[in-house]
1. From B:ALA17, B:ALA38, which residue is within 29 Å of the chain's Cα centre (by Cα) and either within 10 Å of chain A (Cβ to nearest Cβ) or at pLDDT below 95 (or both)?
2. Look through the range B:124-160, keep the residues that are in contact with a Gly (Cβ under 8 Å, 6 or more places away or on another chain) and not in a loop (DSSP other than H, G, I, E, B), and return whichever of them is surrounded by the fewest Cβ atoms within 10 Å (Cβ to Cβ).
3. When you scan the range A:31-54, how many residues do you find that are open to solvent by less than 30 Å² (accessible area, probe 1.4 Å) and under 32 Å from the mean Cα position of the chain (by Cα)?
4. In the range B:251-283, how many residues are open to solvent by 40 Å² or more (accessible area, probe 1.4 Å) and of a type in the set (A, V, I, L, M)?
5. Residues of the range B:233-256 being in a helix (DSSP H, G or I) and out of contact with any Gly (no Cβ under 9 Å at 6 or more places or on another chain), which ones?
6. State yes or no: is B:GLY248 facing another protein chain (nearest Cβ under 9 Å), touching a Ser or Thr at 6+ places or on another chain (Cβ under 7 Å) and open to solvent by less than 10 Å² (accessible area, probe 1.4 Å)?
7. Out of all the residues in the range B:55-70, is one or more free of Cβ contacts under 8 Å to residues at least 40 places away in the same chain and either part of a helix (DSSP H, G or I) or within 30 Å of B:THR195 (Cα to Cα) (or both)?
8. So which helices (runs of 4 or more DSSP H) stay within the range A:131-247 end to end and still have 1 or more residues that are under 22 Å from A:ILE73 (Cα atoms)?
Amino acid sequence: MADTPQKTTRIRSTNWIGGTLSWFWLFIVILPIYWIVITSIKSQSEYFVTNPFVPSSEPTLDAYRLVIESGFIRYFFNSVIVTVGAVIPAVLVSFMAAFAIIRSRPHWFLKSTNAVLLMGLAIPLQATIIPVYLIIIRLHLYDTLLALILPSIAFAIPLSVLVLSNFIRDVPNELFESMRLDGCSEWQTLWRLALPLTRPALVTVTIYNALLIWNGFLLPLVLTQSPNLRVLPLALWTFQGQYGINVPAILAAVLLTALPILALYVVGRRQLLSGLTAGFTK
Amino acid sequence: MTAASVGSARPAPSRSAKSVHGRSLGWLAVPALVFFVAFGVIPLIGVLLLSFTTWDGIGEVVPSGLTSWKSVLSDPGLPHAMWVTFQVAALSWLFQTPMSILLGVFLAGAQKYRAFLAVLYFIPLLLSSAAIAITFKALLDPNFGIGTGLGLPFMSQDWLGEPKLALGVVVFVVSWQFIPFHSLIYQGAVRQIPTSMYEAAQIDGAGRMRQFFSITLPQLKNTIVTSSTLMVVGSLTFFDLIYVLTAGGPGDATRVLALDMYKRGFQANLMGPASAIGVILVLVGLLLALLFRRLGGGDQTASQLEGA
């Protein structure tokens, strides 16, 4: 497809501005990442005497050992629990709601649900962190992982419903009709027809939400306080506060917190990227 | 949660709804609605109610009328925070938009090496704001950071210690984090522009520049609106990045509204005034979203390609 005649005519003249700019910006993007990697394998004393952009002559994994010993394995699992615990229910309930919004006969309840969710897209939900904090206290959930999971589910719903309902709308009506003629209930249709057909959108929405929740900082900062309940971004921040001058260790921690996502990026780059722009480009 | 785009919303039931056999599936939407009401709608009403109370974050919530609003509105900290928020939003928009468009157009090209570029290019999207802020904080160290590394003395400034520089750093780091995202959106949009338009332009003898300004840019209008909405409304909620990078400093040079809210609420234990700022944030966010929607001429998912 890339070599169709149209494409070749289109790119015949060189895009100098775009080209120069993109190499330049690539450099800006890569430089800090390169620096994180090489610095994280320097010793602390080496960090202070060598050029920041020259790789270590005697690489060491001391920084990584310090990070692991500081409890990052536990924080990693906290992050996994919160992310999985929030994303799966969020995507499931969003999928059901999206199916209802598209497939049901018109109903005031669904219309208002849809309106409320669309409004949720326009509102910076972080601005409501104080009442969320109050609700979590009143539910006696303060300083638990569930306190992070519940609001994360809620915050994920509006965009998920939007993306999924746009997708379900594109499923040909004949397919639903034939399911009905076969005597399937709507509930069966939901799982047997809509779910498999919506899979690309489900993957997209799952990835988008997972990334957002994995990297979330405000909710854990406000809703937890015990060290053993820290999720990775919060742990990273407190670690930085503790080991302020041990830059190699801090950067090793940065790299370790991003590693699962980077691994995922290597495996499923396309889906990850389409997940990121879910709902914005369709 | 940067997903504050009212723009991409469109009203739901249409074609399929009519043909369905009249069963009501409302109950399927109940779980989603319950979650969203509990932690989305109630907090939204709650933030308004709390702005008329006094609460230290631990004890009882005591109604106190307009006390919180009076203290917030008479505090010179508020206009300052609004001004800083505006500067961050405006400057990062001014920097990000042209960069993202140019990069998106470039990355949309078909050559193999561009696909390779794109792999590295989108890495900032994967990192948490906390990780990015911590990295830049260390990288901008005047003694052991980038200036020393590149041998460029002018890069060895006290980046986060000077008010003007710190604001610039915030804008730069925000851009570093989000330009890839917006280029990704533009890349997708550019690929949807029909090649026939460019062919026609070429036959008419239009040069590259002319094609860019007469075809690419107008065709990207909707995308520009969507991307700008996300940038500007999203910039209201840059909390974690700025909190970790500068904590609002030096002094209060980078104390944006979201940070102001957090500090008043959770550090000074003044939940009432902090809620008032929360209300302001919600209102500004809604207003901006509506404004951009108006700019985009309503339904943004309606294709601009129609009739092309």
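1. On the way: B:ALA17 fails: within 29 Å of the chain's Cα centre (by Cα).
Step by step, each of B:ALA17, B:ALA38 is checked, and only B:ALA38 is within 29 Å of the chain's Cα centre (by Cα) and either within 10 Å of chain A (Cβ to nearest Cβ) or at pLDDT below 95 (or both).
2. B:PHE154
3. Of the range A:31-54, the ones open to solvent by less than 30 Å² (accessible area, probe 1.4 Å) are A:31-32, A:35-36, A:38-40, A:42, A:46-47, A:52-53.
Remaining after also requiring under 32 Å from the mean Cα position of the chain (by Cα): A:31-32, A:35-36, A:38-40, A:42, A:52-53.
Selection size over the range A:31-54: 10.
4. Final tally of qualifying residues: 3.
5. Kept after step one, since they are in a helix (DSSP H, G or I), are these residues of the range B:233-256: B:233-235, B:240-245.
B:GLY234, B:SER235, B:LEU241, B:TYR243, B:VAL244, B:LEU245, listed by residue number.
6. Working: facing another protein chain (nearest Cβ under 9 Å): no; touching a Ser or Thr at 6+ places or on another chain (Cβ under 7 Å): yes; open to solvent by less than 10 Å² (accessible area, probe 1.4 Å): yes.
For B:GLY248, the condition - facing another protein chain (nearest Cβ under 9 Å), touching a Ser or Thr at 6+ places or on another chain (Cβ under 7 Å) and open to solvent by less than 10 Å² (accessible area, probe 1.4 Å) - is not met.
7. Yes, the range B:55-70 contains at least one residue that is free of Cβ contacts under 8 Å to residues at least 40 places away in the same chain and either part of a helix (DSSP H, G or I) or within 30 Å of B:THR195 (Cα to Cα) (or both).
8. Numbers: elements: A:146-169, A:173-181, A:186-189, A:199-214, A:218-223, A:232-242.
In the range A:131-247, the matching helices (runs of 4 or more DSSP H) lie at A:146-169, A:199-214, A:218-223, A:232-242.
The values are calculated or read from the model by the stated rules, or taken from the named source; none is laboratory data. This one's a predicted model, so the numbers in the text were calculated from it and none came from an experiment. So basically every Cβ, Gly included, is an ideal-geometry build from the backbone, and we count neighbours across all protein chains shown. Ligands, DNA and RNA are excluded from the accessible area calculation, which covers all protein heavy atoms including side chains. Shrake-Rupley method; radii C 1.70, N 1.55, O 1.52, S 1.80 Å.
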